[in-house]
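Okay, structure first, notes after.
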Amino acid sequence: MAYTMNDYPDSLKNLDRLERRKAIDIINAMLEEGYDENRAIPIGTEQAQEWYKDASKEDLKKLENKDLQDHDDDNSRGPELIDNDVEVYFEDDEWKVKSVGAKRASATFDRKKDAEKRAKEIADNRGTNVKVHNKND
């Protein structure tokens, strides 16, 4: 189940609005990647709080306009991808994070270092590795 700004875990109610949006976005992506809800919620919350502390005005504006329910329903992600490595690559003027074998990225960033950080978080939670591509790979 994908969370929305109107339907989210009670543990997010005390977060600032945009911090809550980011948490919902991360949690939804983790659920799509096959994480158990009991793991995704605290991990997503913590990562959102860290992201929010360092977010630029541009990052906040992008988050404001992001569709939090824009998620695949085609089984391109899920438990079968949970043990796969995570890759960072450049496409369409954005840095993207994707599980190897997934059909689309779970997150996009303007800066490579932000994509690498997110990929490392995912990989660390799974016990897998990160593969970082160069801009021209």
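Odds and ends about this structure:
- Residue list for the stretch 1-14, filter: under 13 Å from ILE41 (Cβ atoms), among the aliphatic types (A, V, I, L, M) and out of contact with any helix residue (DSSP H, G or I) (no Cβ under 6 Å at 6 or more places or on another chain): MET1
- Applying the criterion of being farther than 14 Å from ILE122 by Cβ and among the aliphatic types (A, V, I, L, M) to the residues of the stretch 63-97, the residue that is modelled with the lowest pLDDT is LEU68.
- Screening the stretch 78-136 for strands (runs of 3 or more DSSP E) wholly inside it with 1 or more residues that are touching a residue at least 12 places away in the same chain (Cβ under 8 Å) and either of a type in the set (Ser, Thr, Tyr) or closer than 22 Å to LEU60 by Cα (or both) returns the ranges 86-91, 94-99, 107-109.
- Pairs where the first residue, in the stretch 50-64, is in a helix (DSSP H, G or I) and the second is aliphatic (A, V, I, L, M), C-beta under 6 Å, 6+ apart: LEU60/LEU18; LEU63/LEU18
- Contacts under 8 angstrom Cβ, first residue in the stretch 16-33 being within 14 Å of ALA2 (Cα to Cα), partner surrounded by fewer than 21 Cβ atoms within 10 Å (Cβ to Cβ) and acidic (Asp, Glu), 6 or more apart: ARG21/GLU64; LEU31/GLU37; GLU32/ASP72
- ARG17 vs. criteria open to solvent by 70 Å² or more (accessible area, probe 1.4 Å) and over 18 Å from ALA115 (Cβ atoms): yes
- Which numbered condition GLY34 misses (of (1) part of a loop (DSSP other than H, G, I, E, B); (2) of a type outside the set (Lys, Arg); (3) at pLDDT 90 or above): (3)
The values are calculated or read from the model by the stated rules, or taken from the named source; none is laboratory data. Quantities reported herein were computed from a predicted structural model and do not represent experimental measurements. Neighbour counts run over all protein chains shown; Cβ positions are idealised from the backbone, glycine included. Accessible surface areas use protein heavy atoms only, side chains included; no ligands, DNA or RNA. Shrake-Rupley method; radii C 1.70, N 1.55, O 1.52, S 1.80 Å.
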